[in-house]
Amino acid sequence: MQIYGHFNRSDEPVVKLGIGSSRLELLVDTGFNGSLIIPSQIANRLDLRFEGSEGFQTVTGEGFLADTYSVEVDWFGGRIRVAVAASRHVNEAILGARMLKDCRLMIDYGNRAVMIEASY
């Protein structure tokens, strides 16, 4: 089973996933080691289960605190519950490396294509 994506207008690899009752475009960021992080204003529209708070770092090393939740996500034809952080410090929804565990990620810049495939 595969999840297909594309490149957005900023030439970044993205995929669209059902998150809670919404469908969101997520930047695929292997430098982020969490599952998902989304802007606070998007989180306010989703059905999230509050879990606590956690510290994160930006790519520049700046630390920030974000509320953490769990949410159901469409993943390879099913629904799974994953951790999601919400912060005003991010401008777009991000899918991180924890979601890619047990997966193969293909980013084809030449054809502007993205594919995530289960490797188990």
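Between 18, 61, 52, the Gaussian network model of the chain with springs among Cα atoms under 10 angstrom shows the greatest mean-square fluctuation at 61. For the options 35, 21, 70, a Gaussian network treatment of the chain with springs between C-alpha atoms closer than 10 Å singles out 21 as fluctuating the most.
When the P(r) of the chain is calculated, the portion above 18 Å amounts to 49% of the C-alpha pairs.
Within 10 Å, at most 11 other Cβ atoms, and a DSSP state outside H, G, I, E, B define an exposed site. Report the longest part of the chain free of exposed trypsin sites (Lys or Arg not before Pro).
Between the exposed loop sites, the longest stretch runs 10-87.
Placing +1 on each Lys and Arg Cβ and -1 on each Asp and Glu Cβ, with no other charges, gives the chain a dipole about its Cα centre of roughly 220 debye.
Of the residues 99, 35, 75, the one whose Cα sits farthest towards the positive end of the charge dipole of the chain is 75 (charges of +1 on Lys and Arg Cβ, -1 on Asp and Glu Cβ, taken about the Cα centre).
Using only Cα atoms, locate the centre of the range 48-105 and the centre of the range 1-26, then give the distance between them in Å, rounded to an integer. The distance from the Cα centre of the range 48-105 to that of the range 1-26 comes to 14 Å. Looking at the chain, the accessible area is 58 square angstrom per residue; that uses a 1.4 Å probe and ignores ligands, DNA and RNA.
Only the Cβ atoms of Lys and Arg (+1) and of Asp and Glu (-1) were treated as charged; on that basis the dipole of the range 45-115 about its Cα centre amounts to roughly 160 debye. For the range 69-120, which whole-number percentage of the solvent-accessible area (1.4 Å probe, protein heavy atoms only) is attributable to carbon and sulfur atoms? Reported share for carbon and sulfur atoms: 45 percent.
Once the Kirkwood radius over Cα pairs is known for the range 40-89, the Stokes-Einstein relation at 20 °C and 1.002 mPa s delivers a diffusion coefficient of 180 µm²/s.
The values are calculated or read from the model by the stated rules, or taken from the named source; none is laboratory data. Model, not experiment: these values are computed from the prediction. Virtual Cβ from ideal backbone geometry, glycine too; neighbours counted across all protein chains shown. Just the protein is used for accessible areas: all its heavy atoms, side chains included, with ligands, DNA and RNA removed. Shrake-Rupley method; radii C 1.70, N 1.55, O 1.52, S 1.80 Å.
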